[in-house]
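Here is the structure we will look at, set down as structure tokens.
The values are calculated or read from the model by the stated rules, or taken from the named source; none is laboratory data. The structure displayed is predicted, hence computed values, not measured ones. In this analysis, Cβ positions are derived from the backbone assuming ideal geometry, glycine residues included, and neighbour counts consider all displayed protein chains.
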Amino acid sequence: MHDLLINAVIYLAAAVIAVPLFEKLRLGAILGYLAAGIAIGPWGLAIISDPTDTLHLAELGVVMLLFLIGLELSPTTLWRMRNWIVMLGATQLLGTAALIVGLLLWALALDLSIALMIGLALALSSTAFAIQLLTSYRVLDTALGQKGFAILLFQDLAVIPILLYVEALAGAGDEAEGAWWVGALLIIGVLVAGRYLLNPLLRLVANYNSSELMTAAALLIVLGMALLIEAAGLSMGMGAFIAGILLANSSFKHQLETEVEPFKGLLLGLFFIAIGMTLDIGLLFDKPLLIIGLALLLMTAKTLIVGILAKLAGSPTNDAMRLGLILSQGGEFAFVVMSHAKIAAVIDVDLANTVALIVGLSMAMTSPLLVLYNKIITSRRGAGAENYDSSWGESEPEVIIAGFGRVGQITGRLLTANGIQFTALDKNAEHIEFVRKFGNKVFFGDATRFGLLETAGIRHARVLLVAIAEEEDALEIIRLVRAECPHIKIVSRAHNRTNLLRQRQAGADLAVREMFGSSVEMAGAVLRGIGISDDNAAELSRLFTHHDQGLIEEALSRPVEMDQLIKMGLEGSKELEILFSQDKGDLS
């Protein structure tokens, strides 16, 4: 136990030192993790000599990554991107793999099955690395970025068949064939059971309104499904991937993603540290020109293939080549494939280590080459000339609604009637299931957690409607969003005058008292009922509303501390007396 804690401290210290440094140099967190692993591994300071156990634990990060990928693969997403996924994704993967296989057969005379496995592994790019680059260069939400995402999506879909191919190579004839049948039957059983059991389980957990219990349920689903599929002789990643797909259309999707993300990030970082420790740097010292040359050859081939495909899909030449560079590195799943192949004795250890080293070097060189390319293009075009394709913007909601009760539903209905995209979050699981029957995009989740709002698309939204009933929760949401997303317009639901003032002070652009408008409308009906004309009644209502708003603006203009506002709320009768006297004096 003591040794385990020491190792944990070493890993954390290495990550905390290396990752911020590499992020500051714009080389990316993943490269920082790899460098940290090299530094503490056998080829560095040799603080930890055997990373094998750590690598097995860290592969859970890849498992959780596959779960999150599965969560994104809703039928709607796949259908919307079907042309780019098939045309760009399939062509890139198969074209790159065919080129690599041809070179391996010509240069090394490898067995075709082994060459195919290596070719497919090297054809994969790093989803985590590429998404980070697309995001940092602010192109993920453009048409160019979506073409890259389509290629990555097809690669992610191809990971499972590639891993199955490795397992088939490791099997022996009839035994392997039998495992395939068992695996297929088990997958069908899991799909059927998951279809009818996962959502009821999550609804039951949600009723207890415990974030810790929801986190436990999320991990139970991911790890339980992974172990179940592994028991049939298939990969743990396959189980997690299937679990993600089963829940892609669930109202708990965003909440699950928020719960799993921290574990995925931590374990994936540990995975890259362990990979860095296992990289055979001795090979690089022995044959530096050959290894670096092969890494550059891989990057050149992938850049050209992706660039040509993006150009044929309508992107400008410079942007197409930029996308090619972003996807030019080898991927994290190449490490997984090589690791599985070594364990199963499918591939020579030195060859597997060489492939892993080439992938690691390609990751290391991607960011510097991309920075250099951007400088060259910028110098040619002139400053500020990064012009990407037209904005995509189809997948992100324009409005986020926190709380989908009566107030939120009215806004949602109005938005839907006018074809405006929105995403709603609510903590009532049964309520959500009822609303979703009518086609609304409503998800389970606690909107006071900013991570959940991020997952729902808050950074891309234009308006946030805070329509939840709990006053303190509403204030917490307003403060969080105003601090993190200063651009967004916040409209909030207030119970009373004091609540309205607090929300405005917290950062809401507009706070609307839930009963004020309907009360003024009813007061107008009373005026008409006692014989006042419609025009006069409407004018009196307008004057009263204007007067009341003036009192609010006056209160906001004065520096009132929060405790004073609370005290005002507690002294309701006194405040009401003052308001009546002001109304009588100002409107008489």
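Out of (1) free of Cβ contacts under 8 Å to residues at least 24 places away in the same chain; (2) among the polar types (S, T, N, Q); (3) not in a helix (DSSP H, G or I), what's the single condition that is false for THR135?
Of the numbered conditions (1) free of Cβ contacts under 8 Å to residues at least 24 places away in the same chain; (2) among the polar types (S, T, N, Q); (3) not in a helix (DSSP H, G or I), the odd one out for THR135 is (3).
Of LEU21, LEU31, LEU12, which residue is farther than 11 Å from LEU270 by Cα and either free of Cβ contacts under 8 Å to residues at least 24 places away in the same chain or not in a helix (DSSP H, G or I) (or both)?
Residue meeting the stated conditions: LEU21.
Which residue out of VAL359, VAL336, VAL355, VAL346 is part of a loop (DSSP other than H, G, I, E, B) and either over 18 Å from LEU104 (Cα atoms) or in the same structural domain as LEU65 (by TED's automatic domain parsing) (or both)?
Every option except VAL346 fails the conditions.
Please specify each residue of the range 123-132 satisfying the condition of being in a helix (DSSP H, G or I) and modelled with pLDDT under 90.
Selection gives THR127, ALA128, PHE129, ALA130, ILE131, GLN132.
One line per residue, one yes/no per condition, for (1) buried (at least 22 other Cβ atoms within 10 Å of the Cβ); (2) modelled with pLDDT of 90 or more:
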residue	(1), (2)
LEU297	no, yes
VAL306	yes, yes
ASN318	no, no
PHE335	yes, no
MET338	yes, no
ALA364	no, no
LEU370	no, no
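Out of all the residues in the range 111-128, which are hydrophobic (A, V, I, L, M, F, W, C) and touching a residue at least 12 places away in the same chain (Cβ under 8 Å)?
Listed by number, the residues that qualify are ILE114, ALA115, LEU116, MET117, ILE118, LEU120, ALA121, LEU122, ALA123, LEU124, ALA128.
Please go through the range 286-314 and pick out each residue that is closer than 14 Å to GLY145 by Cα and over 25 Å from the mean Cα position of the chain (by Cα).
Passing the criteria: GLY307, LEU309, LYS311, ALA313, GLY314.
How do the strands (runs of 3 or more DSSP E) wholly within the range 395-480 filter down when requiring 1 or more residues that are modelled with pLDDT under 85, crowded, with 18+ Cβ neighbours inside 10 Å and β-branched (Val, Ile, Thr): which remain?
Result: 442-444.
Restricting to the range 526-540, name every residue that is at pLDDT 85 or above and under 19 Å from PHE516 (Cα atoms).
Passing the criteria: VAL526, LEU527, ARG528, ALA537, ALA538.
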